[in-house]
1. At a temperature of 37 °C and a viscosity of 0.692 mPa s, determine how fast region 372-529 diffuses translationally according to Stokes-Einstein, using the Kirkwood radius over alpha-carbon pairs as Rh; express D in µm²/s, rounded to the nearest whole number.
2. Structure shown: which of LYS392/LYS459; LYS392/LYS415; LYS188/LYS392 lie over 24 Å apart, alpha-carbon to alpha-carbon?
3. Output the relative contact order of the chain, whole-number percent, from Cα pairs under 8 angstrom with separation of 6+ residues.
4. Would you calculate the separation in nanometres between label points at ARG517 and ASP275, each defined as 7 Å from the Cα along the Cα-to-beta-carbon direction?
5. Can you pull the one-decimal nm distance between simple spin-label points at ASP92 and ASP204, each 7 Å off the Cα toward Cβ?
6. What does the helix-only formula give at 222 nm for the chain: each DSSP H stretch with n ≥ 4 adding -39500 (n - 2.57), the total divided by the residues, and the result rounded to the nearest 500 deg cm²/dmol?
7. Please list, by residue number, every one of the trypsin sites (Lys or Arg not before Pro) in region 270-339 that is coil in DSSP and has at most 12 other beta-carbon atoms within 10 Å.
8. Give me the one-decimal nm value for the distance between modelled label points at THR154 and SER354, 7 Å along each residue's Cα-to-Cβ direction.
Amino acid sequence: MPTKLLLRMFCALTVAAGSCGDPTSSKGPGWDALERWDALPVLGNGAYRQFSSYDRLKRTDYPVADPGNKDANNFLAVCARQETPPLTEQDDPGLCDAGLEGFLIARVSGQSGFVSRLWLTAAPFYSNETIRIYADDLTRPAYEGRPADWANRTDPIFTEPLAGPRSGAVVSYRPIPFKHDLRVYLDKLLPVGLYFYQVDTQLDLPVEDTFAAVPLAPANLARYDVLLNSPGSGTESRRAGETNSRSASLEPSEGTTVFDLKGPGTIRKLSFSLDATTLSQLRSLTLGIRWDEETEYSVQLPLSAFFGNHLSIQPYSTLPMEIQRQSNTLTLSTYFPMPFQKAAEIRLMNASGSPVSFAALARVEPRTPTAEWGYFGTEFNETVGPFQPNLKHPIVSLDGRGKYVGTFMFMEGHKDVQTVIADAFNFLEGDEFGTIDGELRIPGTGTEDYFNAGFYYLKGLFDSPFAGLNHKQTTEDGRSGAISTYRWHVLSDEINFSRSFDLNIEYGANRPDLADRYASVAYYYLSRP
């Protein structure tokens, strides 16, 4: 039996006891968060900030690019370099540090924290370009390597399941802690290349150890493989709790309370199994959840949207959700922990024209988190074109203290047959904008970039712990395209906010008239129901 398989089996048996670790798995908030799925509802205090190559000027002189959509080759500073890629722009050369050379893409001074996510893509694809990471010591890099090796899965530091290629891009969720200073540079860029980047950081968090570029022990890699590639982060199968189950049939226009649970408690798993279900039926079933005898529902949306099958029925598996199909039975499961103090009511409403039979399961632990926690909720928005310039699709708008934990998006658009530039997926040119406590802290570079991919999901469908693409389709004539994609802000990549959070995305920044329909689901926790 292969050694890696043995390690996976061993870690799967011992993960609850904390085995299979090495010191790098417990050196600060980044590593700790990767192993605390149960703490997802707990509200935190870190300050989320993204550095990116977003379009600074909303214009371009490049003859084949559309105005207001230059999201490449924009750097914080170009330090002691003379040869630059085309249309390179920099924010402030004064941000350069003495003795450090290259294209600066992230800079933190006087704050502690860690890099939670690092996303990169380029055209043409990476070859000999390098990335250098300085953590606290600004005289020598803690890491120097090639993104091409991340893409080829040959880098011993940035490797699966924490880092690797994702449908046209490379991404890393390996925590990079720093006590007071962070610098990230790109170098050896091609003079004809286009370079895009996003560096997400969690700031103002206590850090005990600076990032050291050492490979994780094989046993620890196997541990993270179990934690990050098991729905519910490997915890659900061993979590004690009461299992509630029910089977029923709903007539057209009929609704029912599936579960009426009494607290305190935390729902660890919620699943629905349906026989011979069509997409139309799935979209006609409305899921409603309300907490602690509130009159309004915190969750109220089509079952198809909640589980990411709003455009087509596609089995997939990722951290908080999985969809399985066996024979004629479709089983939809979520592992988002959902605590409640007094009561939890879960309802289904059938708005289709035919009866629907289902079986439901709720596994409930009779306790809530000991630290301050939030109530689980969703926001579903759907908009239909034609869209005008400078408009954005509203993904979520929240007031109060909370935590943002995920996005599912369903998008449809068409091609402009009068031009050779436009594509059936041109709507993916839209940039995301995340505002935390009234400040823009997530300046985006493109729709598929936010979802960890690149170049219109060049490599097609993918499932990964933090993001994926579960549907991509074009019509036979190539004129229309549809996308279903997701990203989870969970574990080390959670977005905490104290007063408010807003997330919007442009309707295809350069040609909004080519976007036809957007639908989105936002997943979050709020301190109140």
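The values are calculated or read from the model by the stated rules, or taken from the named source; none is laboratory data. As the structure is a prediction and not an experimental result, all values here were calculated from the model. Glycine gets a Cβ as well: all are built from the backbone with ideal geometry, and neighbour counts include every protein chain shown. The area values use the complete protein model at the heavy-atom level, side chains included, leaving out ligands, DNA and RNA. Shrake-Rupley method; radii C 1.70, N 1.55, O 1.52, S 1.80 Å.
1. My calculation gives 205 µm²/s for D.
2. LYS392/LYS459; LYS188/LYS392
3. Value for the chain: 18 percent.
4. 3.0
5. Calculated label separation equals 2.0 nm.
6. Roughly -2000 deg cm²/dmol at 222 nm, from the helical runs in the chain.
7. none
8. So the label points at THR154 and SER354 sit 5.3 nm apart.
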